[in-house]
Amino acid sequence: MTATPSTPEAGPAELHGPVLAWFEQNARDLPWRRPDAGAWGVMVSEFMLQQTPVSRVLPVYEQWLARWPRPADLAAEAPGEAVRAWGRLGYPRRALRLHGAAVAITERHGGDVPSDHAQLLALPGIGEYTAAAVASFAYGQRHAVLDTNVRRVFARSVTGVQYPPNATTAAERKLARALLPDDEPTAARWAAASMELGALVCTARNEDCSRCPIARRCAWRLAGKPAHDGPARRGQTYAGTDRQVRGRLLAVLREATAPVEQAALDAVWHEPVQRARALDGLVADGLVEPLEGGRYRLPEG
DNA sequence: TAACCGTGGGG
DNA sequence: TCCCCAAGGTT
């Protein structure tokens with residue numbers, strides 16, 4: 001290291017103002033952001049938004065909250081009803097976990113979504129991101145909320161690379177904490193604002209720097225937007241995998257009102273070994289309940 | 001840690 | 001068409 005050049009690199013404080021002001025003007029009016037959403041609404045939205053786009057979540061979210069306005073309402077249902085109501089959002093284990101979280105909230109927390117980060121983290125289906133998101137968005141707490149959007153915004157604007165690492169690193173957590181505004185309400189708005197910037201402007205592909213409030217200080221843009229060099233980000237295969245078979249099997253069970261015969265499930269996939277493996281996996285995951293005589297249904301207990 | 005877990009839309 | 005990506009979590 002020779003003489004440290006003074007870089008145009010933004011300090012935390014220089015990012016907060018522009019991003020918060022931008023959010024003020026550009027935040028989407030999403031139902032889980034309305035005051036009446038409550039912590040349960042925020043939590044439901046976070047489960048649904050794990051790996052699923054907002055546009056597809058919206059209608060299911062509305063139906064879900066209308067049917068189960070409180071955790072205890074969902075907890076009183078069979079888990080299979082949650083799986084059915086989940087529809088085609090994908091990753092149906094999330095529905096099961098959301099149901100399990102509702103049961104735990106009803107049993108352990110008097111029916112109220114806990115505000116404590118550690119207690120949130122202890123619920124099924126809630127990991128590092130979701131715990132921070134619920135604590136921040138629902139309860140206004142100060143947490144580093146590191147989702148794929150925020151990680152990309154930080155990777156570009158601060159670190160100067162196109163994409164963040166494949167898995168969240170300690171360096172990213174440290175950076176996120178360093179960038180967090182000191183006071184609680186501002187930190188909570190910052191979390192939502194930086195996430196929204198990544199979702200609307202600093203997108204994975206076709207980012208629109210002309211609309212970015214921190215473009216002038218963005219390390220990646222100032223460096224000429226160098227292309228991602230690291231290892232190729234693993235693509236997810238789907239066609240021909242167990243996941244596809246599981247999806248087909250579950251779709252049949254979701255749409256059925258009565259237990260389904262083995263033959264109806266056999267019809268969804270030609271290859272018997274893979275088909276059986278997929279069905280066994282669904283049963284092992286608790287997404288499917290086997291009955292006597294080779295019949296199956298969504299779980300009732 | 002890396003693989004697994006669905007589904008659909010946009011470029 | 002095909003590929004990439006989408007507010008992750010769990011094992």
Quiz item: Can you pull out the residues in region A:237-267 that are among the aliphatic types (A, V, I, L, M), under 21 Å from A:ALA284 (Cβ atoms) and either away from DNA strand C (no atom under 16 Å from the Cβ) or in contact with a helix residue (DSSP H, G or I) (Cβ under 6 Å, 6 or more places away or on another chain) (or both)?
Solution: A:VAL245, A:LEU249, A:ALA251, A:VAL252, A:LEU253, A:ALA256, A:VAL260, A:ALA264, A:LEU265
Quiz item: Just a yes or no: is a residue in region A:72-87 open to solvent by less than 10 Å² (accessible area, probe 1.4 Å), away from DNA strand C (no atom under 12 Å from the Cβ), farther than 19 Å from A:ARG189 by Cβ and out of contact with any helix residue (DSSP H, G or I) (no Cβ under 7 Å at 6 or more places or on another chain)?
Solution: yes
Quiz item: When only residues in region A:249-269 that are buried (at least 16 other Cβ atoms within 10 Å of the Cβ) and more than 16 Å from A:PRO79 (Cα to Cα) count, which is nearest to DNA strand B (Cβ to nearest atom)?
Solution: A:LEU249
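Every residue, every condition in (1) away from DNA strand B (no atom under 16 Å from the Cβ); (2) modelled with pLDDT of 95 or more; (3) in a helix (DSSP H, G or I), yes or no:
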| position | (1), (2), (3) |
| --- | --- |
| A:ASP36 | yes, yes, yes |
| A:VAL42 | yes, yes, yes |
| A:MET48 | no, yes, yes |
| A:VAL57 | no, yes, yes |
| A:GLU77 | yes, yes, no |
| A:ALA82 | no, yes, yes |
Quiz prompt | Qualifying residues in region A:175-193 (those that are touching a Leu at 6+ places or on another chain (Cβ under 8 Å) and of a type outside the set (A, V, I, L, M, F, W, C)) - the one farthest from A:PRO53 (Cα to Cα) | solution = A:THR186
Practice problem: Considering only region A:120-171, state which residues are among the aromatic types (Phe, Trp, Tyr) and outside any loop (DSSP other than H, G, I, E, B). | Solution: A:TYR129, A:PHE137, A:PHE154
Quiz item: Mind checking whether some residue in region A:165-183 is within 21 Å of A:LEU30 (Cβ to Cβ) and not assigned by TED's automatic domain parsing to the domain that holds A:ALA251?
Solution: no
Quiz prompt | Among the residues listed as A:LEU123, A:LEU98, A:LEU89, the single one being touching a Ser or Thr at 6+ places or on another chain (Cβ under 7 Å) and either within 16 Å of A:LEU287 (Cβ to Cβ) or in the same structural domain as A:TRP64 (by TED's automatic domain parsing) (or both) | solution = A:LEU89
Exercise. Could you check how many residues of region A:213-229 are outside any helix (DSSP H, G or I), at pLDDT 95 or above and open to solvent by 30 Å² or more (accessible area, probe 1.4 Å)?
Key: 4
Quiz prompt | Per-region count, region A:144-181, residues open to solvent by 40 Å² or more (accessible area, probe 1.4 Å) and within 16 Å of A:GLU46 (Cβ to Cβ) | solution = 1
Practice problem: Kindly indicate whether any position in region A:230-241 is modelled with pLDDT of 95 or more and aromatic (Phe, Trp, Tyr). | Solution: no
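The values are calculated or read from the model by the stated rules, or taken from the named source; none is laboratory data. Just so you know, these numbers come straight off a predicted model, no measurement behind them. Note that each Cβ is placed from the backbone with ideal geometry, even for glycine, and that neighbours are counted across all protein chains shown. Note: accessible area is taken over every heavy atom of the protein model, side chains too, but ligands, DNA and RNA are not part of it. Shrake-Rupley method; radii C 1.70, N 1.55, O 1.52, S 1.80 Å.
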